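Notes follow once the structure below has been shown.
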Amino acid sequence: MVRELIVKDGHVLGVKTGMGLEIKAKSVVLTNGTFLNGIIHIGEKQFGGGRTGESAAKGITEQLISLGFEAGRMKTGTPPRVDGRSLDYSRMEIQYGDEQPEKFSYSDETKPLEKQHSCWITYTNKEVHETLETGFDRSPMFNGRIQGLGPRYCPSIEDKINRFSERERHQIFVEPEGWNTVEIYVNGFSTSLPEDVQYKAMRKIAGFEHAKMFRPGYAIEYDFFPPTQLKLTLETQLIENLYFAGQINGTTGYEEAASQGLIAGINAIRKVREEEAFILKRSEAYIGVLIDDLITKGTEEPYRMFTSRAEFRLLLRQDNADLRLTEKGYAIGLASHERYEAMNNKKKQTKRLIHDLTQKKVTPDEVNDKLTGIGTAEIREKITVDKLLKRPQLGLDAIATLTTDLADYLSKFSKEVREQAEIQVKYDSYIEKEQQMVEKINQMENFKIPMQFDYLAVPALSAEGKQKLHKIRPETLGQASRISGVSPADVSILTVYLGR
C-alpha cells in the first residue's frame with residue numbers, strides 16, 4: 001500500500017509504502033479508482049474499503065491537499081452477485097448476443113467470438129418496490145450519511161423507485177460474469193440498502209424466487225480531484241511528472257479509466273525521454289473528447305463518455321478507428337510495422353475501390369429489372385455505380401447482384417474494404433462538411449498559449465473569463481474557447497494579446 005508521494009521542489013521523485021519502503025521513480029501515475037479514503041455503505045453498516053475485501057488507501061489525499069490540490073467526494077454503487085444455478089430462466093426473456101460478433105481490434109492476432117453467453121431480462125414489480133421502501137429509513141442515501149454525488153446515468157434501484165415513483169417496473173439485466181464462474185451480475189439492481197432488505201426484495205423479481213446471494217450490493221464513497229487541475233497530457237499542473245488517471249479525475253466506467261491510463265502512461269514515458277507530448281484532439285478520438293471535457297469543463301458528478309458529447313461524431317466512427325489512430329500508434333512505437341502496413345493496404349484498396357466505382361457504368365437494360373426487384377427506382381440512362389450506391393436501398397452486396405461483372409469485381413475486395421468504401425461513398429458530402437468544420441477549429445487548436453501567460457494582467461477580459469482562464473490555464477485558444485464562462489469576446493481579446 002502506497003501511503004505518500006516523495007515530492008521535492010514541485011517534482012515527484014517516487015512513492016513511500018505503508019511499511020516505509022521508498023520506491024524512486026522518474027514519473028508517477030496515480031490510478032486510485034475508488035480506494036482514496038473509500039467507505040463502503042450497506043444499510044447502516046459502513047466500513048473503510050476500496051472494494052469488497054480490500055482496504056482503503058489513506059494518506060495520499062491529505063498529502064495532495066497539503067500540496068495545494070483541491071479534492072472532492074463522489075460515490076458509485078454495485079449490485080448484488082447471485083448464484084446463476086439458483087435462477088429460473090424460463091420466467092425471463094432471453095437476450096441473445098450479436099448475430100455476427102465483431103472484434104475490438106483489426107489485427108489478425110485474434111478471431112471473432114464463435115460462441116457467446118446469452119443474457120436475460122426481467123423486471124421489478126410493485127411488490128419489489130414496496131419491500132425496498134421498507135429499508136429507506138436505514139438507507140445511507142436518504143439519511144444523509146452519503147455526501148458524494150452518484151452517477152446520473154446508472155442510479156441505484158432505491159434512487160430509481162424514489163425519483164420515478166410513477167413507474168411500475170424497472171428492467172433488470174441478468175448478466176453472467178464469465179465462462180468459468182456461476183456468478184451473475186444483477187445489472188439495474190445497484191443498491192446500498194440493508195442486506196436483508198436487498199435479499200427479500202430481490203426474491204420477489206420474476207425468476208429470482210429461489211435466488212442465492214453470494215454478496216450484497218453496496219455503495220462506495222471515495223475522494224477525487226477536480227480534473228481542471230491537470231494538463232491535457234494528464235500531468236498535474238502543480239507537481240511535475242505526476243499524472244492522474246481514472247476515477248481520481250471524476251470519471252466513472254471501465255473504458256473511461258482505461259483510456260486515461262493509456263494516455264497518462266504514454267505521456268509519463270515520453271516526458272521522461274524528453275519527447276513531445278502525445279495529445280489526441282476532439283476531432284481525432286473519443287479519448288480526445290473525454291480528456292478535453294474533463295480539463296476544460298471539470299465535472300460535478302461522475303463523468304461518463306457519450307457519443308453525444310462529441311461534436312464530430314461522424315468522423316469518430318468505429319469502422320475507421322484503425323485509419324484514424326494506427327499511424328499515431330506506430331509513430332510512438334505502440335503499433336507494429338505489420339499492423340501499420342495492413343492499415344495502409346486497407347487505405348489503398350479502399351481508395352482504389354471508390355475510384356473504380358466512380359468510373360464503372362451500368363445501363364438501364366443491364367440493371368432495371370434487378371433494381372425494380374430490390375424496390376428502388378429504375379434508371380433512364382447510363383450511370384456510374386457510385387451514384388447507385390448513394391441510394392438508401394442499395395449497399396455493395398446488393399450492387400454485386402446487378403451484373404456478373406460487378407459481382408466478380410467486388411469479390412476481389414475484403415469485407416472490411418467494401419464496408420469502408422460503402423460508408424465513404426454514401427456519406428461523402430456529410431463527412432466533407434464535418435472535415436471543413438474541423439479545419440476551421442484546428443486553426444484555434446494550433447494557437448498555443450504559454451503556460452505562464454498572466455490572464456489577470458489583461459484588463460479587457462471579463463472578470464469571470466479572467467478567473468476561469470487563470471484557474472484552468474488552457475494550452476490552446478481552442479481549449480480556452482470551450483471553457484464555460486469564457487465568452488467569444490474574451491477569446492477575441494486573447495487572440496489580439498497573443499498576436500502581439
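Readers should treat all values here as calculations from the given coordinates under stated rules, not as data from a laboratory. Everything quoted here is computed from the prediction, not taken from an experiment. With ideal geometry, Cβ positions are generated from the backbone for all residues, glycine too; neighbour counts draw on all protein chains shown.
Computed on the Cα trace of the chain, the radius of gyration divided by the Kirkwood hydrodynamic radius gives Rg/Rh = 1.03. The loop-placed trypsin sites (Lys or Arg not before Pro) in region 26-76, going by DSSP, that have at most 14 neighbouring Cβ atoms within 10 Å of their Cβ come out as LYS26.
For region 1-46, a Kirkwood hydrodynamic radius built from all Cα pairs, placed in the Stokes-Einstein relation at 4 °C and 1.567 mPa s, yields a translational diffusion coefficient of 104 µm²/s.
Treating each Cα of region 344-433 as an identical point scatterer and summing with the Debye formula, the log10 of I(q)/I(0) at q = 0.12, 0.20, 0.21 Å⁻¹ comes to -0.34, -0.94, -1.03. Ellipticity at 222 nm from helices only: DSSP H runs of n ≥ 4 in the chain, each -39500 (n - 2.57), divided by the residue count, give -10500 deg cm²/dmol. Looking at region 395-485, the pairs of alpha carbons with a distance over 23 Å make up 54% of the total.
In this structure, the pairs whose alpha-carbon distance is over 22 Å, taken from LYS8/LYS466; LYS348/LYS415; LYS111/LYS390, are LYS8/LYS466; LYS111/LYS390.
Panel order for SER86, SER66, SER27, SER414, by other beta carbons found within 10 Å of each beta carbon, from fewest to most: SER66, SER414, SER86, SER27. Restricted to Cα atoms, region 12-100 shows a radius of gyration and a Dmax of 20.3, 59 angstrom.
Straight Cα distances below 14 angstrom link LYS212 to the aspartates and glutamates ASP83, ASP88, GLU183, GLU195, ASP196, with same-chain residues fewer than 8 positions distant left out. Long hydrophobic helices in the chain, taken as whole DSSP H segments with a C-alpha length of 20 Å or more on their own axis and mean Kyte-Doolittle hydropathy at least -0.5: 254-272.
In terms of distances greater than 22 angstrom between alpha carbons, the cross-link table entries LYS24/LYS448; LYS351/LYS412; LYS24/LYS328; LYS115/LYS328; LYS16/LYS75; LYS45/LYS204 yield LYS24/LYS448; LYS24/LYS328; LYS115/LYS328; LYS16/LYS75; LYS45/LYS204.
Ranked by the mean number of other Cβ atoms within 10 Å of their residues, highest first, the peptides 243-249, 99-105, 349-355 come out as 243-249, 349-355, 99-105. Taking every DSSP beta bridge that has both ends in the chain, the antiparallel portion is near 85%. Here the residues LEU357, LEU498, ranked from fewest to most Cβ neighbours within 10 Å of their Cβ, fall in the order LEU498, LEU357. Its relative contact order, with pairs defined as Cα atoms under 8 Å and 6+ residues apart, puts region 132-256 at 20 percent. Spatial offset of region 372-403 relative to region 145-209 amounts to 49 Å, using the alpha carbon center of each.
Amide H to amide H, with H built 1.01 Å from N, TYR303 comes under 5 Å of THR251, THR252, counting only residues 5 or more places away or on other chains. Each peptide in 226-235, 124-133 gets a packing score, the mean of other Cβ atoms within 10 Å over its residues, and the list from highest to lowest is 226-235, 124-133. Considering only alpha-carbon pairs that sit under 8 angstrom and 6 or more positions apart, the relative contact order computed for the chain is 14 percent. Here the relative contact order of region 341-500, from alpha carbon pairs under 8 Å that lie six or more residues apart, stands at 16 percent. The order of the peptides 256-265, 448-457 by mean Cβ neighbours within 10 Å, most packed first, is 256-265, 448-457.
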